[in-house]
Amino acid sequence: MRYKLILDVKRGDFDAAGEASRKIKDILQQLGVSSKVIRKVSIAGYEGEMNLAIHSLGGKIILEVGEEELSLTIKDIGPGIDNLDLAMTAGWSTADDKVRQMGFGAGMGLFNMNKHADNFLITSKIGAGTKIVMKFSLE
Amino acid sequence: MEKLLHSVYLDEEKCLGCTTCLRNCPTGAIRVRGGKAIISESKCIDCGECIRICPHHAKLAKTDPLETKKNFKYKVALVPPTIIGQFKPKYTINQILSAVKALGFDEVVEVAYGAEIVGQALKYEYHARKYPRPLISSACPAVVKLIQVRFPELTDNICRLKSPMALTARLVRKRLREEGEYKNSDIGIFFITPCAAKTTMVNNPTASEYDKYDQIDGAIAIKDVYSDLADLIGNCPVQAGIHNTTADSCAWALSGGESDYLKNKNVLYVDGIQNVINVLEKIECGKLETIKFFEGLACIGGCVGGCLTVENNYVAKMYLKYRVKRMKQNSIVHMSDEYVKSIYNSGMMHIKERILPRSPEPLDQDINKAIEKMKQIEILEEKLPSLDCGSCGAPGCRALAEDIVAGKAKEIDCVFILKERIRDLSILTNDLLQVEHPTEKPLSKKE
C-alpha cells in the first residue's frame, strides 16, 4: 500500500508559506510515522517549500509513503540551477535583498535538505527546472 | 476534590450545542454530539480558550471552593503575582496580601518567591547544555501540554525546572516541617489560581512535576474570591512586611517576565495560544535557529490573561507594570546566589522524569491500514463542501471525514450532503408520482 499526495506551491506566495509542510506533518503523524522522522521531513520539506516560493517559477511537492520508507519530491518548472556544486554549499544564495529582509535566503536550503534526508538526489537543467528527490527511512 | 485529568468541563444545562467552541479549540479536542459539547480527554490541554469564548458560559474550570481549607489545621495561601494586577495600584501589595490572609488563612506566601529562585536558577539550567536549542520554558502548563500533543518532536527541549508554584509549595512544607509544630498532613496549601491549566496541575496526580513534598491541596479560582477580596482590601488589618519579593519576580505574571532573567538577547517570548502555535511551527521546521530560549504563554499578556481572572488582561498588565516600576526591593531578604545554588544543586527543583510526547493515536498501528484509511478520508473530504461550518459537530470538514472513517460519525451528519440526499429523494418522489400503475385508474388530468 502506497500513499501519495501532491501539493502545489506558487512563486512568491508568502501568505501560504509553510502550509504544505504543515499538511505533510499532520498526515505523517496520522500515519504513525515516528516523531524523529517527522522532524527531519518537516525541516527538509519546509526548505523545499520555501525554495519553490522564493527561487522557482512555481512547482510541486510530492509526498509518497510506503511501508519502509517515504520520499519527498520537490519539482519546479524553472529557471534551473547553473552550478549545482556551488548551490549545495552552505551559505551560498542568489536571493535578493528583499527576500533576505523577509528573513529568507540564508543559503542553507539545499544544504539542510541534504543534511536531513537519508538519501538526496538533485537534477537541474537551465530553462527546464530542478527536481529534488529525498528519501527517509521509516525505521 | 477527586483527581482529574482535566479541569475544563461542561455545564450541560447551559450548553446549547452552538459550535462556537469547536472551531476555536487549538487542538481540535471538541465535538458536539447530541446537542452538547464533548471534550476529548486525550487532546485537551486545559488552555481555557473554550472557557473564554463560550457565549453561554457553559465551559467552566473545576476549582476548589474556599471552604475546602477547613479540613486542615494550618492553612497556607500561595498567591501568584497575577493577583496584584487585579487591583488598582492605590492599594499596597501588603494590603492585597493581608486581604487574602483575612479570607481565613494562617499564612500567605507569594509565589513570586519561588519565581525568583527559578528565575535565577534558569541560567544554570540553560548552561547545563543537556537541552537541544531552543530551551523551552515549562512555566505555562498549557503550552507544555500543547507541545506534548502537537509538537512531540520538541518535548526534549522543555526546561525541566519545576514551576514557581511547585517550588514555593515545597519550600513552605520544608520550613514548616523543620519548625515541627504541625504534621505534614495537617498543613493545607492552596493555590489562588488564575487559570485552568494550573488547576489541572494541582489536581492531577500524574503530573510528573509532583511528589509528596510539594503537595498542593487545592486550587481556588481568583474570580471566586475576587468580591470578598475587594471588600476586605483597605478594611482589614494590614500585616507589615508580608510582601517580600522583587520587581523581576512579580513580572513573571507578564509575558517575557521569565525570559528577562536570562539577560540573553536571543530569547523569544510569545503569548496567546495561536501565536505560540505559529512560532512553535517555525521552530519545528528548523527556522529560528538563532533563538536560544523560548517562552510561550497560552493566555494573551501572560498569566494576567488567565481565564479565571477578573480584571481585563490589558488593564491588569498596566497595573502590574506600574507597580513593578516602583518596587524598590532588588533582592529578597535572605536570598543569596549561594542559597539559589544550594537549592538548584539539591535537585529539589528539578522535574525527575522526562517530559514525554502525548501524540494523538495514528489512524492505525499498521501503516498499510493507516494508508488505506487516509485514502478513504481524502475521498470523503473531496465530497464535503470545505466550508468548515461546524454544523456536523466536528470542527471542520477534514475532521468530519476522519470521524466518519473512525466510525464515529456519518456522511449525512453534513447538512449539505443531507440536503443533496433530500433533493435526490424529492426528484425520485416526483418521478414516481408521474408513474401510472397498470392496475390503477388513470389520474384525472388537469385541464
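The values are calculated or read from the model by the stated rules, or taken from the named source; none is laboratory data. Here the structure is a predicted model, which means the values were calculated and not measured. FYI the Cβ positions are ideal-geometry reconstructions off the backbone, even for glycines, and counts take in every protein chain you see. For the accessible areas, the whole protein counts, side chains as well, though only heavy atoms, and no ligand, DNA or RNA atoms are used. Shrake-Rupley method; radii C 1.70, N 1.55, O 1.52, S 1.80 Å.
Quick check: convex hull of the Cα atoms in the range A:3-137, volume per residue, rounded to a whole Å³? It would help to have the intermediate numbers written out before the result.
Values: hull volume 13.0 nm³, N = 135.
Convex hull volume per residue, Cα atoms: 96 Å³.
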Compute from the Cα atoms of the range B:59-102 the Rg and the Dmax, the latter being the longest Cα-Cα distance, and quote both in angstrom.
-> 12.9, 35
Descending packing, highest mean Cβ count within 10 Å first, for B:52-60, A:82-90, A:31-39, A:5-13 is A:31-39, B:52-60, A:5-13, A:82-90
Phi-based couplings in Hz for the range B:56-65 (Karplus 6.51, -1.76, 1.60; Gly and Pro marked x) | 10, 6, 8, 9, 10, 10, 6, 10, 8, x
State the answer as a single residue: which of B:Leu428, B:Cys414, B:Leu384 lies farthest towards the positive end of the charge dipole of the range B:367-429, with beta carbon charges of +1 for Lys and Arg and -1 for Asp and Glu, about the Cα centre.
-> B:Leu428
What translational D, rounded to a whole number of µm²/s, comes out for the range B:8-61 from Stokes-Einstein when the hydrodynamic radius is the Kirkwood one over Cα pairs, at 25 °C and 0.890 mPa s?
-> 230 µm²/s
Rg(Cα) of the range B:204-362 divided by 2.2 N^0.38 Å?
-> 1.24
Counting only the heavy atoms of the protein chains, how much of B:Val310 is accessible to a 1.4 Å probe, in Å² to the nearest 10?
-> 70 Å²
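Could you calculate the FRET efficiency of B:Ser336 with B:Arg177 from 1/(1 + (r/R0)^6), where r is the beta carbon distance between them and R0 is 30 Å, rounded to 0.05?
Details: r = 22 Å, r/R0 = 0.75.
That gives a FRET efficiency of 0.85.
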Qualifying lysines (Cα of each under 16 Å from Cα of B:Lys265; at least 8 residues distant if same chain) = B:Lys123, B:Lys292
Relative contact order (%) - criterion: Cα under 8 Å, at least six apart; region: chain B | 21 percent
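Just the Kirkwood number for the range B:1-155, please: inverse of mean 1/r across all distinct Cα pairs, in Å, one decimal.
Values: mean 1/r = 0.0529 Å⁻¹.
Evaluated on the range B:1-155, it is 18.9 Å.
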Which of rounded, prolate, oblate describes the range B:66-346, given a ≥ b ≥ c as roots of the alpha-carbon gyration tensor eigenvalues and a/c under 1.5 marking rounded, otherwise prolate only if a/b is larger than b/c?
-> prolate
Taking amide hydrogens as modeled 1.01 Å from N in the peptide plane, which residues meet the under 5 Å criterion relative to A:Leu138, leaving out close sequence neighbours?
-> A:Glu69, A:Leu70
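Going through the range B:310-376, which GluC sites (Glu not before Pro) have at most 12 other Cβ atoms within 10 Å and a DSSP loop state?
Values: sites: B:Glu311, B:Glu338, B:Glu353, B:Glu372; in loops: B:Glu311, B:Glu353.
Counting only loop positions with at most 12 other Cβ atoms within 10 Å, the GluC sites (Glu not before Pro) in the range B:310-376 are B:Glu353.
What ratio of Cα Rg to 2.2 N^0.38 Å holds for the protein assembly as shown? Don't jump to the answer; show the numbers that get you there.
Values: Rg = 28.5 Å, N = 586, 2.2 N^0.38 = 24.8 Å.
Working it through for the protein assembly as shown, the quotient is 1.15.
Using the Kirkwood radius built from alpha carbon pairs, what does the Stokes-Einstein equation give as D for the range B:280-323 at 4 °C and 1.567 mPa s, in µm² per second? Can you show the working numbers first?
On the way: Rh = 12.4 Å.
The Stokes-Einstein estimate is 104 µm²/s.
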Just list whichever of B:Lys43/B:Lys183; A:Lys40/B:Lys130; A:Lys40/A:Lys75 have alpha carbons separated by over 31 Å in the model shown.
-> B:Lys43/B:Lys183
Each label sits 7 Å from Cα toward the beta-carbon; between B:Asp431 and B:Asn24 the label points are separated, in nm, by 4.7 nm
Gain in length, B:Ala406 to B:Asp106, computed as 0.36 nm per residue apart minus the alpha-carbon separation, to one decimal in nm?
-> 102.6 nm
Rounded accessible area per residue of the range B:12-154, 1.4 Å, Å² | 37 Å²
Rounded FRET efficiency, nearest 0.05, which uses the C-beta distance separating A:Glu69 from B:Arg358 and R0 of 35 Å = 0.85
Find how many whole Å separate the alpha carbon centroid of the range B:7-53 from the alpha carbon centroid of the range B:371-401.
-> 19 Å
From the phi of every residue in the range A:79-86, what ³J(HN,Hα) in whole Hz does the Karplus formula 6.51 cos²θ - 1.76 cosθ + 1.60 yield, where θ is phi - 60° and glycine or proline is x?
-> x, x, 10, 6, 10, 5, 4, 5
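What are the semi-axes of the equivalent ellipsoid of the range B:367-429, taken as the square roots of 5 times the eigenvalues of the Cα gyration tensor, listed largest first and rounded to whole Å? Walk me through the numbers on the way to the answer.
On the way: eigenvalues 108, 37, 17 Å².
Over the Cα atoms of the range B:367-429, the semi-axes work out to 23, 14, 9 Å.
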Accessible area buried at the A-B interface, both sides summed, 1.4 Å probe (Å², nearest 100) | 2300 Å²
B:Thr290 versus B:Asn266: modelled label distance in nm, points set 7 Å from Cα along the beta carbon direction | 1.0 nm
Once phi for every residue in the range B:287-300 is put through the Karplus expression 6.51 cos²θ - 1.76 cosθ + 1.60 (θ = phi - 60°), the whole-Hz ³J(HN,Hα) values, with Gly and Pro written as x, are 7, 6, 5, 7, 6, 9, 9, 10, 10, x, 10, 5, 9, 5
Counting only residues 5 or more apart in sequence or on a different chain, those whose built amide H sits under 5 Å from that of B:Ile158 are B:Ile136
Counting sequence-distant residues (5 or more places) and residues on other chains, those with an amide H built under 5 Å from that of B:Arg33 are B:Ile38
Packing-based order for B:30-40, A:18-28, using average beta carbon neighbours within 10 Å, highest first | A:18-28, B:30-40
